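A quick write-up on the structure given underneath.
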Amino acid sequence: MRFISGFRVGVEWCSSEGMKLEALVKPSVLTQPVYEPGKPIEDVARELGLDPAGIIKLASNENPWGPSPRAIAAAKHALDHGELYPDGGCFALRQKLAAVRGLGADQFVVGNGSNEIIELLGHVFLGADDDVVFGGPAFVVYKLVTLLFGAKVVEVPLKNWAHDLPAMARAITPRTKLVFVASPNNPTGTINSAADLLAFARALPPHVIAVFDEAYAEFVAPADAMDLRPLIAEGRKVIGLRTFSKIYGLASLRVGYGYASAELVALLNRVRQPFNVNAIAQAAALAALDDGEFAEKCARENRAGMARLEAGFRALGLEWVPSAANFVLVKVGDGMRVFGALQAKGVIVRPVKMYGLPEWVRITVGTPEQNERLLTELAAAVRR
Ligand SMILES: *Cc1c(COP(=O)(O)O)cnc(C)c1O
């Protein structure tokens, strides 16, 4: 191998000997699938020549009520000190979480969205010899992170649209490092019973870490809620993931957290960037936790909106998957066609073909006005 210093020389050497950049890349990167996000309003407006103000996005399970007014005020205030690095340890936010959730402040790790915590789990635990078990279909980021670290995907098909916990338990091998369970699951919105989830976690062998993704936990009726804290208290290898992106309406600021034993949290803290959560996000999240009334209003509105969508689907003769979250899968025939037809009318939903569900679309519950518009356009789209 020749050692070349200087950018210009390097570039000439590359082109003259025909060395493609691709040849230098780790093979796993070239086969890494790319995440397809819900379409941004601006993209749709540009592509279709529509006014962005008239477009509604019901594609990414965002909060149609925006952030809490208190969170907005706190974020604006934090901008006044944008010249300072944020608190890399998220001290105030972790203190608040500890008080609200009844755990120690050292049992929380805050991330740039809860997605970052999933990646941190990969940094700490995953290599080429490891298996990762999760449901199929489940949140695609579990698969992306598994592949990113060269580990093996073990996807266990859902049963009746929910996680098949006995089958997932049978899929555990001596190589299994992580098992992801999302309840409610995305893209199905289904939950498993709290009793089944707790029993599943308690029966796992000691070399497996159970990751409970609770991104939609705040939408679940209290009677169906699962509480991970007894498992943590028992010293089990479990971690819960929560996010400020959904019920708290802060998706653009990127803040979420994991809660677990202080030992597991310390490991995750070792591999994160020193300033992974910006100060505006920290301030907004802190204020959002103080506005319980707003979160309750959003949960209430979501239940009413879900009932309205279900009534609308029933009237249209469409099948749907009963959901405990803020989105719902509905069977529309050709999902890509209906997605396109709705988009042309300025209503963005999520096709789920890449989740192996080409006949379905996933729709986020909106405001009452958004739900009516969606149902009107959906009626027209499925009639064609
Ligand atoms: C939306 C969502 C998240 C949240 O991710 P953030 O990075 O916190 O925005 C996590 N898990 C699931 C299953 C989700 O649907």
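From the list Lys39, Lys76, which residue is in contact with a strand residue (DSSP E or B) (Cβ under 8 Å, 6 or more places away or on another chain) and either in a helix (DSSP H, G or I) or at negative phi (or both)?
Details: Lys76 fails: in contact with a strand residue (DSSP E or B) (Cβ under 8 Å, 6 or more places away or on another chain).
Result of the check over Lys39, Lys76: Lys39.
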>> Condition (residue is under 16 Å from Tyr142 (Cα atoms), modelled with pLDDT of 95 or more and either near the ligand (Cβ under 10 Å from one of its atoms) or under 15 Å from the mean Cα position of the chain (by Cα) (or both)) applied to the stretch 217-235: is it met by at least one residue?
In response: no
>> Step by step: first the residues of the stretch 89-117, then only those that are within 16 Å of the ligand (Cβ to nearest atom) and outside any helix (DSSP H, G or I), then the one that is surrounded by the most Cβ atoms within 10 Å (Cβ to Cβ). Which residue is that?
In response: Val110
> What's the number of the condition Asn276 fails, among (1) touching a strand residue (DSSP E or B) at 6+ places or on another chain (Cβ under 9 Å); (2) under 27 Å from Pro67 (Cα atoms); (3) not assigned by TED's automatic domain parsing to the domain that holds Gln95?
Replying inline: (3)
> Name the residues in the stretch 280-317 that are surrounded by fewer than 18 Cβ atoms within 10 Å (Cβ to Cβ) and under 16 Å from Glu377 (Cα atoms), would you?
Replying inline: Arg308, Glu310, Ala311, Arg314, Ala315, Leu316, Gly317
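Looking only at the stretch 258-266, decide whether some residue is closer than 26 Å to Tyr355 by Cβ and either hydrophobic (A, V, I, L, M, F, W, C) or surrounded by 18 or more Cβ atoms within 10 Å (Cβ to Cβ) (or both). Don't jump to the end; show me each part of the working.
From the stretch 258-266, those closer than 26 Å to Tyr355 by Cβ are 258; that's our starting set.
If we keep only those that are either hydrophobic (A, V, I, L, M, F, W, C) or surrounded by 18 or more Cβ atoms within 10 Å (Cβ to Cβ) (or both) too, we end up with 258.
Yes, because at least one residue in the stretch 258-266 is closer than 26 Å to Tyr355 by Cβ and either hydrophobic (A, V, I, L, M, F, W, C) or surrounded by 18 or more Cβ atoms within 10 Å (Cβ to Cβ) (or both).
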> Of (1) away from the ligand (no atom under 16 Å from the Cβ); (2) under 30 Å from Leu178 (Cα atoms); (3) not in a loop (DSSP other than H, G, I, E, B), Leu121 satisfies all except one. Which?
Replying inline: (1)
> Which pairs have Cβ atoms under 9 Å, sit 6 or more apart or on different chains, and link a residue in the stretch 241-262 that is at positive phi and within 11 Å of the ligand (Cβ to nearest atom) to one that is not hydrophobic (A, V, I, L, M, F, W, C) and not in a loop (DSSP other than H, G, I, E, B)?
Replying inline: Arg254/Gly111; Arg254/Asn115; Arg254/Glu116
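Going by the conditions given, is Phe139 within 15 Å of the ligand (Cβ to nearest atom) and touching a residue at least 12 places away in the same chain (Cβ under 8 Å)? Spell out the reasoning first.
Numbers: within 15 Å of the ligand (Cβ to nearest atom): yes; touching a residue at least 12 places away in the same chain (Cβ under 8 Å): yes.
For Phe139, the condition - within 15 Å of the ligand (Cβ to nearest atom) and touching a residue at least 12 places away in the same chain (Cβ under 8 Å) - is met.
Do we find that Ala203 is on the phi < 0 side of the Ramachandran plot and away from the ligand (no atom under 16 Å from the Cβ) in this structure?
Working: on the phi < 0 side of the Ramachandran plot: yes; away from the ligand (no atom under 16 Å from the Cβ): yes.
Taking the combined requirement at face value, the residue satisfies it.
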> Residues in the stretch 260-268: is at least one of a type in the set (Ser, Thr, Tyr) and under 15 Å from Gln95 (Cα atoms)?
Replying inline: no
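State yes or no: is Glu36 of a type in the set (Asp, Glu) and assigned by TED's automatic domain parsing to the domain that holds Gly189? Walk me through how you get there before you give the answer.
Details: of a type in the set (Asp, Glu): yes; assigned by TED's automatic domain parsing to the domain that holds Gly189: no.
In short, no.
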> If only one of Pro40, Pro67, Pro86 is of a type outside the set (Lys, Arg), under 28 Å from Ala279 (Cα atoms) and buried (at least 20 other Cβ atoms within 10 Å of the Cβ), which one is it?
Replying inline: Pro67
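The values are calculated or read from the model by the stated rules, or taken from the named source; none is laboratory data. Quick caveat, the model's predicted, so the values are computed rather than measured. Neighbour counts run over all protein chains shown; Cβ positions are idealised from the backbone, glycine included.
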